[in-house]
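Below is one structure, written out as structure tokens; the observations come after it.
Every number here is computed from the coordinates shown, using simple stated rules; none is lab data. In this text, all values refer to a predicted model and were calculated from it rather than measured experimentally. Virtual Cβ from ideal backbone geometry, glycine too; neighbours counted across all protein chains shown.
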Amino acid sequence: MADDSKTNLIVNYLPQSMSQEELRSLFGSLGDIESCKLVRDKVTGQSLGYGFVNYVEAGDADRAIGALNGLKLQTKTIKVSYARPSSASIRDANLYVSGLPKAMGQKEMEQLFSQYGRIITSRILVDQVTGVSRGVGFIRFDKRVEAEEAVRGLHGQKPLGAAEPITVKFANTPGQKSG
């Protein structure tokens, strides 16, 4: 039995219209798939824009990351990475950042936050038409404690080029109550 952490992938930013069969077909072209799941809203059945692909062989999973991470599908650029098992230490490690300078790119945002821990994913939202930053981003740290440190260290600070202090708070995750 292969080590699940090296065969199981998470695929983010999938187009809304993509089916589970299309996901399986795309990733199946790179190796034998043990399982494939497109995550859907339990009530509406709508795709939530992400899924999991578990390969039989770790080498195929590694090859899929190299070949498909950053692939443009319709208007989306997919992100393919190793899925991590859920545990209390990594739960709720997602941050929502607003008030970012419009000139700040994803790399600069990661540099700003990386002093607090290992960043798993990050994203700055951009206007679909102009490609200009909306001044809003998301950061996922490896561990909740790192995210807590980043909130303490950066909330209310003014990064280089910012006119106003930035807001850094925990992002609401599906099923989590805000308040």
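One table, with the values for the structure above:
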item	result
The chain pair-distance distribution - Cα-Cα, 10 Å bins, rounded %	9, 32, 35, 20, 4, 0
For segment 1-44: span of alpha carbons on each principal axis (Å, largest first)	36, 21, 16
Solvent-free Debye scattering, log10 I(q)/I(0), computed from the Cα coordinates of segment 94-170 at q = 0.16, 0.20, 0.24, 0.25 Å⁻¹	-0.50, -0.77, -1.10, -1.18
Packing-based ranking, highest mean first, of 100-107, 36-43, 143-150 given that Cβ atoms within 10 Å are counted	143-150, 100-107, 36-43
log10 of Debye I(q)/I(0), alpha-carbon scatterers only, for segment 22-115 at 0.11 Å⁻¹	-0.47
Segment 94-170: relative contact order as a whole-number percent, Cα under 8 Å and 6+ apart	41
